1. Out of the residues in segment 82-137 that are surrounded by 15 or more Cβ atoms within 10 Å (Cβ to Cβ) and among the charged types (D, E, K, R), which is modelled with the highest pLDDT?
2. Pick from S15, S44, S33: which is modelled with pLDDT under 85, of a type outside the set (K, R), in a helix (DSSP H, G or I) and under 21 Å from A127 (Cα atoms)?
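The values are calculated or read from the model by the stated rules, or taken from the named source; none is laboratory data. Because the structure is predicted, anything quoted here is derived from the model rather than measured. Here the Cβ is made from the backbone with ideal geometry for all residues, glycine too, and neighbour counts use every protein chain on show.
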Amino acid sequence: MRTMDMQRADAGATSSLGEVVRRIGDDVKTIASDELQLAKIELSRGMKTAAADAAAIVLGGVVALIGFGMLCVTAVVALEPMIPPLWARMLIMAAIYLVAGGAVAAIFTRKLKTDANPAKSDAVEEAKATVENIKRGLSPDRVQHAK
């Protein structure tokens, strides 16, 4: 009689242990899936912000270019008493355009690269750490966090 009760208890423990292991596996899958979704959302937001910044840069650049063109025409006309040849005045203004445009393009290209860099995302780092922890077998002494 006692042996039967022990066998039933062992069978119950085994089935509940199997259930616990299955739940842990499901939880790990859920955590990994949630980490990946969070990383996708953060990357998507970063790309949308970078795209909006790029559009604002283009619009601002067009407006500034029109204003700069008008300023350049005014400068060409104003320089006539000091520099009589028109070609020399136009050459000076062209050089100013090239230097200013190159500087603005270089500055905002660097800004755009840093805005769209997914490597700095906390969610990406946390997802990588989660995958590494799963690979290690999730033993408590081997679990490491991204930060």
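1. Only one residue fits best here, namely R89.
2. Values: S15 fails: under 21 Å from A127 (Cα atoms); S33 fails: modelled with pLDDT under 85.
Among S15, S44, S33, only S44 is modelled with pLDDT under 85, of a type outside the set (K, R), in a helix (DSSP H, G or I) and under 21 Å from A127 (Cα atoms).
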